[in-house]
Amino acid sequence: MSGLCLQAVTLRLGDAVLIEALSLDIEPAGVVTLMGESGVGKSTLLAYICGTLEPVFQASGRIWVDGREITGLPPERRRVGILFQDDLLFPHLSVGDNLAFGLAPEIRGGERRARIAAALGEAGLAGFEDRDPATLSGGQRARVALMRTLLAEPRVLLLDEPFSKLDTATRARFRAFVFEHAREREIPTLMVTHDPDDARATGDRVVELTPQAPTPD
């Protein structure tokens, strides 16, 4: 069993059922899109996969990555990467130091610098190691955020509307950049979006989440 596998995942908020018995398989290099109205549980599902679900929610169901169950593991042991609407770069650190956060602590010295330089090269930002993130465009910041995530070598990539704040042209380029890099690395990817153009750009499956009926008294 390779890729990401969700088995009968149910999410509740009090008496309200957000998602009921959702099962989903995403093969390596696959990109599956979750769509649905606000409040239906899309981002909540991503938090459950990451291991960062707020205690106010109740969850059941199992999560497997490459044949290994991660349901009960802490977030740092799941090897799940996520991109949000905001790039979340550290404003007090250089571009290079931001990227360094994605690297394992045992990668040091010349190898650390080489990996950062290679990531910037892939992003079309060669030589940007010492730049202040505030001097970058929105598209450049988004690429740095993605490369930082990929440097952590995730086994799963989650996308929580990371294209929504970009202008139309930048959005199309960055979207293609993300999908290309995820597929090259054979990372199963689960994307949340409200934009049908995002879904069409994947060329892959779309899962429509619908509000669940209220639980009877």
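The values are calculated or read from the model by the stated rules, or taken from the named source; none is laboratory data. What you are looking at is a predicted structure, and each value in this text was computed from that prediction instead of being measured. Backbone-built Cβ (ideal geometry, glycine too); neighbour counts: all protein chains shown. Note: areas computed on protein heavy atoms with side chains; ligands, DNA, RNA excluded. Shrake-Rupley method; radii C 1.70, N 1.55, O 1.52, S 1.80 Å.
What number comes out for the charge environment of Thr71, summing +1 per Lys or Arg and -1 per Asp or Glu over other residues with Cβ under 11 Å away? Local charge sum for Thr71: +2. Report, for the chain, the % of DSSP beta bridges that are antiparallel, rounded to 5. Rounded to the nearest five, the antiparallel share is 55 percent. Comparing Gly67, Gly41, Gly81 in a Gaussian network model of the chain, where Cα atoms under 10 Å apart are tied by springs, the biggest mean-square fluctuation is seen for Gly67.
Based on protein heavy atoms only, the chain ends up with 49 Å² per residue of surface accessible to a 1.4 Å probe. Net charge of the neighbourhood of Glu37, taken over other residues with C-beta under 14 Å away and scored Lys/Arg +1, Asp/Glu -1, is -2. Can you give the relative contact order of segment 61-133 as a percent, counting alpha carbon pairs under 8 Å and 6+ residues apart? Normalised by residue count, the contact order of segment 61-133 is 31 percent. Taking Val40, Val65, Val95 in turn, the Gaussian network model of the chain (Cα-Cα springs below 10 Å) assigns the largest fluctuation to Val40. Close amide-amide hydrogen proximity is noted between Val156 and Gly81, each under 5 Å apart and 5 or more residues distant or on a separate chain (H modeled in the peptide plane; Pro and chain starts excluded).
For Glu153 and Asp197, the FRET efficiency from 1/(1 + (r/R0)^6), where r spans their Cβ atoms and R0 equals 22 Å, is about 0.15.
For the chain, the relative contact order comes to 32 percent (Cα pairs under 8 Å, sequence separation of at least 6). Note on the chain: GNM, Cα springs under 10 Å; of Asp66, Asp197, Asp132, the largest mean-square fluctuation is that of Asp197. With a cut-off of 15 Å between beta carbons, the residues surrounding Thr193 carry a summed charge of -2, where Lys and Arg count +1 and Asp and Glu -1.
Length gained on full extension, Ser2 to Arg185, computed as 0.36 nm times the residue gap minus the Cα-Cα distance: 64.5 nm. A full extension of the chain between Ala117 and Ser23 corresponds to an added length of 29.9 nm, given 0.36 nm per residue minus the alpha carbon distance. A simple charge model with +1 on the Cβ of Lys and Arg, -1 on the Cβ of Asp and Glu and nothing else charged puts the dipole of segment 1-116 at about 400 debye relative to its Cα centre. Averaged over residues, the count of other Cβ atoms within 10 Å places the peptides 82-88, 27-33 in the sequence 27-33, 82-88, highest first.
Protein heavy-atom surface of segment 145-206, 1.4 angstrom probe: 46% of the accessible area is carbon and sulfur, with nucleic acids and ligands not counted.
Carbon and sulfur together cover what percent of the accessible area of segment 25-139 at a 1.4 Å probe radius? C and S fraction of accessible area: 54 percent.
For Rg/Rh (Cα atoms, Kirkwood Rh), the value calculated from this model appears in (i) 0.98; (ii) 1.05; (iii) 0.94 under label (i).
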